[in-house]
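J.: What follows is a structure written as C-alpha cells; I'll ask about it next.
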Amino acid sequence: MSNSSEPWTGVPLSVDFSRPEHYLLFLFQLLFASCTVLVAGSVAVSILATRALRLQNRFLFMLNTSVCDTLVGLSVFYVGLFDVYEGYPSRNGTFYILNSLMGINILTFMFAQFDRFNSLCTPSLYVWGSPALRQVLVHAVWGRVCLRCNRRIVVKMETVQH
C-alpha cells in the first residue's frame, strides 16, 4: 500500500496547462472524444434496438462501423488526453489498438463497397442473404479477436433470416 503523502505517479496529461492554448487543446480533445463516443454509441444502440434496421442487408456494415467508431472515441480519450507516444520506444502506448480499430473501419468500408459493387454488377448472382457470406465478413474484418462474438452474430443472423 502506498503512502498517502506521496504524489500520484500515473500517466501524465498531454499538456501542462502553462499556456492558454493548452486549455483549448485539452478541451478540444475532450469534446472530440465525447462527441465521437456519444454519437457513434447512440447509433449502435439505435441499430440494435430497431428491428427494421436489423433486417436490412447492410445491417452488419452499419453496426460494425458504429461499434468501431465508439471504440475509436474511447481510444481518443486516452491518446488525446494523456501523454502517449506510439513510436519506438513506446511511452504509455496503446499497443496500437487505435491503429487497429482504424484498420477495421477501413476494411468495413472496403467490404461495403465490394458488396455494393457486387449487387449492382451481378444482381442475379448476388448472395448477400447467405449466412456463409456474413460469416466470412465477420471473420475477415474482426479476425479471431472474439470467438464468442463471432458465433453470436452468425447465429443471430441465421435466426433473423429464417
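Computed from the coordinates by the stated procedures, all read-outs in this text should not be read as laboratory data. All values reported here derive from a predicted model rather than from experimental measurement. With ideal geometry, Cβ positions are generated from the backbone for all residues, glycine too; neighbour counts draw on all protein chains shown.
J.: In Å and whole numbers, how far do the C-alpha atoms of region 22-106 stretch along each principal axis, longest first?
T.: Result, largest extent first: 46, 28, 15 Å.
J.: Calculate the spin-label point distance for Ser119 paired with Ser90, positioning each point 7 Å from the Cα along the beta-carbon direction, and give it in nanometres.
T.: Roughly 3.8 nm, to one decimal.
J.: With the crude spin-label approximation of a point 7 Å out along Cα→Cβ, what separation in nm comes out for Leu27 versus Ser100?
T.: 3.6
J.: Here is a further query. Per-residue HN-Hα couplings for region 26-36, Karplus 6.51 cos²θ - 1.76 cosθ + 1.60 at θ = phi - 60°, whole Hz, x for Gly and Pro?
T.: 5, 5, 4, 4, 5, 5, 4, 5, 5, 5, 4
J.: Using amide H atoms built in the peptide plane, which far-off residues or other-chain residues are under 5 Å from Phe82 H to H?
T.: Those lying under 5 Å, H to H, from Phe82 are Ser14.
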